[in-house]
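Working notes for the structure below.
The values are calculated or read from the model by the stated rules, or taken from the named source; none is laboratory data. Everything numeric in this text was worked out from a predicted model, so none of it was measured. No Cβ is skipped: glycine too gets one built from the backbone with ideal geometry, and neighbour counts run over all protein chains shown.
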């Protein structure tokens, strides 16, 4: 994910990468040395980053005052992440995080900018209650729910709230990091389990669809969600097979298609650099979306849906797909930063 | 599937392969020549079959009187299969079929011997209404439902009928035949669509769980089933992710496990050669069943289940897996023949 | 390959796609309809092509006068291709072909523009001997040799001719077309044979490295080449493992690296749109080049090499990689057309 | 590899597994607990092993006197293995090792029983020079060379020594252990490098083909070998593409086939339980051997060869394949133990 950040931030109109931090073992090396033979983007390391000296990510003091904000994507124990992100915020840095540690913290917004951009309004409360002047923490949700939550939200926003969903995901190996899934498990095989993933897929939507009440975001638990998560031999691109029932009146298939095709939100209106022109793309072919062929839609930021049809048990079924390391990780994190930047949170004293 | 039949029938205690038929292009060649470089079992062609001369499968007349019954696994148009299987039965041959053509014919039994062995009692009716003396047609259901229907039936047989199921399958490429799925679709990819598969997965269970009334099998449509079928890069082994709700009283998790672990049926009591000692095997590991590691349980005839847990929407969730070219195709067909043989249908005049 | 042409020609500075032809079954449909659910580029069909009406490729008459030249990539019998390409040339069209049919025709240039751009000088002879005024045929070589021939030529051009090569390729499935390689052969498997590929890999370099004598290109058979060709489960990108011996003086490892890193040729000097700035890219990491990570170098037109080391039998060993459907197919064809355009062959009467 | 040993030793006619040792973390657990969710054979853990208590492999003292010999397959630093294997031998245990640590120790035999069964005669020397009474060390070579060395030796034994070989391997992921190769490297990819593998592939044959002189095995360096080693997305089965030149007179293609088809050696004459009836199996199909289809020949102990044809540079080319975790690891280790047992080395005081 760090590498994807570096790739996507190359030539970014708002942001420059000025500082790179990693584990103590990499500290003191150039970024290129630290990455070594494990750079696995299909483009070169951007020239502006390759010679940056990597610092120890634990040394938050040394970054204070040198950056406007940090992107945080850490492979550490939850408690270590909680304290490290707090420390970065305490010394005055905005922390735009990919990690799950703070996702259920009530005054930390968990953002999909097309859905809950309004949740950034909790930031002044977060600062106030912790005594932070400039720093704060904002997070993005788990990659698995990006494949279906925006299409479901679009229906809700159009007056058709969904009450029940059963979801099965087919998730790409990059979601577990470079060493996360042994090839012994992914040749002639799939694995019907990903630790912690079903819980995140079922619970995080409630907070994202919630609303600010006082100093906290209150979850909307109206949607009941049951998730089955599978790992499949795909590099990038999480697929979700979704059956959904509506809370009240049920739209027609044509209405759903019309709502999806016309859906845009604040990131599109603000023309944020990574916001896709079309957040939801519907494909008519009977055998789409497919990970390799559809994950790059909208430069990896569009959710691609297909196969909308009646469900024999609930109301409708569809298949959703999103690029888990772009929209679901680094791209989603950068879009959050773009939103926060335009709303003034990254620069205000 | 033809090759798997030849492999599994090698040294069979009841049956000898005495005749092999295929498309007109192969007619006149030895079986070995006809198969050529496309034998892809990982054992050799059995010596008793390799030199058999292949006949034209359309020439049903030439087989009459030379075999007791035929296995039928054809890659033809539905109407051609209907007429060909009728012709074989008319000349006095029992037809044990893998094909879908006759599955919805009301007086043709669609058998999973552990579930509906009693449906063979329709055969005398079938013969009578068509004027066939010796011949008849029996079929097996689609491979996709083998991964979950036996576990669900075991619960129903124990007094806990299931009313609602939402199923997502991850299906192996062998299910589509050697040329069925291009590798261009299965490298770094999955496909969320298999033509006709969702309909079969949703409808065939109704007939299998039905009962004989007069001269027809009447479907039991009490279970509502919604299926999402995906193709994944796995050679053999269909996985099903299942959420299920019970019609009446809901068993506890322990009761379900006890029912599954102790389930046996007529094929086990008859000690049919291909009947697995344990039709349902529950694995405790959190990340099982997996296709490559579990498909060979019970020589490919056992359904392996795992991950039984509460469902956030219905009552329970689980993962089922079966070997699609053994239990789901050739092995299932042979088990049907073994049942029919022991019940006397293959030899009676 | 046709789809890759359409993708790469989108917004091309020299060429517009004005006409699309295919098999008779597709004739009369729009390009989008004809492609149907089988468009498998990860970008959309360019708007300028999607509504073009597809004509029957056999109807060469109808194209005469309407295009300046045609790209030919046909899945037909060799004799049909020979006569069809001749017919297109006869009615006045330049034929820039991907097919192997005319590769060994002595007065048809087989071009890798960085190596034998001078072979286009045979075109006036070709026209004269056949009585063609405007039309002619130029071809590209097989995709498998693109992964190693440019690096070997660069050494030869620097004064170090290679005399002997043993090559083993690991070739991507896209090289065989969408239906070319069944997934049954590419899950947990590789195939050590590709029909006709070893012969092409061994023989085509001789013509490419040859020279024009009178009305024919005379092959240079000085390099002895032995090739082993394997199919592996990779979408795009052919790898070649090469052991090579030099004819005379042997360069040092440093000299080879210097030659490769500084190599450019006429396409770079002409700044042809698809010519990569760096035709040969050397990667220092011990485990590169790798297909997924390196095939897109130079937009798929660069040959990526690595692992240059001494050979225990010959002089040196290295690994080369090129994108088989870009450099090895559509991109190579377009680069040929760009060269021919700049040299005036596409427009002269 | 440990798991494969446990599987293959189930019901072995000579040997019983009475003791299992592993890393200190597993010590004290039952074998089933220690393996946990990572048992990945497609058969169950044998009942005789599942409840054995795992000991700490470092505690060689506790094993002394309780076993006749140990199989050693360790994932440790070379120096740790050297001292641990020495310690086991010192306390009186024969060590039949899979590890590379002692392969180049001059008085340790490196055995492929079909080739150099005579090298066990060095064992008395090994014992004498170290003052060991009962213990000794014997090793097996690297898995990669098993795919081609037996066929080459068969030719040499028939009077046609090979002088030169260039080999490219396509190696399965199981060769690197469960966590050895990340799936991120094996989806839509191959890797042209395996650390240390080319050196082993080039050097170990020299010792295996060597002869005992006094107290050491003297390598035969007459064959010059150059190896290119690739990792490919295959579970089990290493493929080798081989070009070879003969030292003296060159046999005809028919002679080579006759030699391979009739080759047997001491393990076959002794009828060792794991010795395949046919050590070398030649397949006539043009596209074989293939890993998934051929690795199980002779229960994984046969080397399958195919595609014997003239080489454009040397004399002949062929493709060889062997099962890397059976013949190349656990099966090869057990065959070594069977040979040593029959020769009396495991039981003599």
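Structure notes:
- Residue check for residue A:310: within 11 Å of another protein chain (Cβ to nearest Cβ), touching a helix residue (DSSP H, G or I) at 6+ places or on another chain (Cβ under 7 Å) and farther than 19 Å from residue A:111 by Cα: no
- Checking each residue in region D:150-179 for being farther than 12 Å from residue D:324 by Cβ, outside any helix (DSSP H, G or I) and out of contact with any strand residue (DSSP E or B) (no Cβ under 8 Å at 6 or more places or on another chain) picks out D:158, D:159.
- Across region C:281-306, the qualifying residues are those that are part of a loop (DSSP other than H, G, I, E, B) and surrounded by 21 or more Cβ atoms within 10 Å (Cβ to Cβ), and the one among them that is nearest to the other protein chains (Cβ to nearest Cβ) is C:290.
- Which listed residue, of C:312, C:261, is assigned to a helix (DSSP H, G or I), in contact with a strand residue (DSSP E or B) (Cβ under 9 Å, 6 or more places away or on another chain) and under 24 Å from residue D:193 (Cα atoms): C:261
- Entry remark, region C:264-280: residues being assigned to a loop (DSSP other than H, G, I, E, B), crowded, with 19+ Cβ neighbours inside 10 Å and away from chain A (no Cβ under 14 Å) number 5 in total.
- Total residues in region D:19-44 satisfying the condition of being out of contact with any helix residue (DSSP H, G or I) (no Cβ under 6 Å at 6 or more places or on another chain), free of Cβ contacts under 8 Å to residues at least 12 places away in the same chain and in a loop (DSSP other than H, G, I, E, B): the figure is 1.
- Residue in region C:317-327 that is more than 23 Å from residue C:4 (Cα to Cα) and crowded, with 24+ Cβ neighbours inside 10 Å present: yes
- Residue D:214 being more than 27 Å from residue C:203 (Cα to Cα) and at pLDDT below 95: yes
- Of all residues in region D:176-208 being more than 14 Å from chain C (Cβ to nearest Cβ) and touching a helix residue (DSSP H, G or I) at 6+ places or on another chain (Cβ under 7 Å), the one that is surrounded by the fewest Cβ atoms within 10 Å (Cβ to Cβ): D:178
- Residue within region A:335-349 that is within 12 Å of chain B (Cβ to nearest Cβ) and either in contact (Cβ under 8 Å) with a residue 12 or more places away in the chain or buried (at least 17 other Cβ atoms within 10 Å of the Cβ) (or both) present: no
- Looking only at residues in region B:209-226 that are at the interface with chain A (Cβ under 8 Å from one of its Cβ atoms) and either surrounded by 20 or more Cβ atoms within 10 Å (Cβ to Cβ) or touching a helix residue (DSSP H, G or I) at 6+ places or on another chain (Cβ under 6 Å) (or both), the one that is farthest from residue C:185 (Cα to Cα) is B:225.
- Boolean, residue A:47 is out of contact with any helix residue (DSSP H, G or I) (no Cβ under 7 Å at 6 or more places or on another chain) and farther than 20 Å from residue A:75 by Cβ: yes
- Residue C:248, sole failed condition from (1) under 19 Å from residue C:160 (Cβ atoms); (2) modelled with pLDDT of 95 or more; (3) away from chain D (no Cβ under 14 Å): (2)
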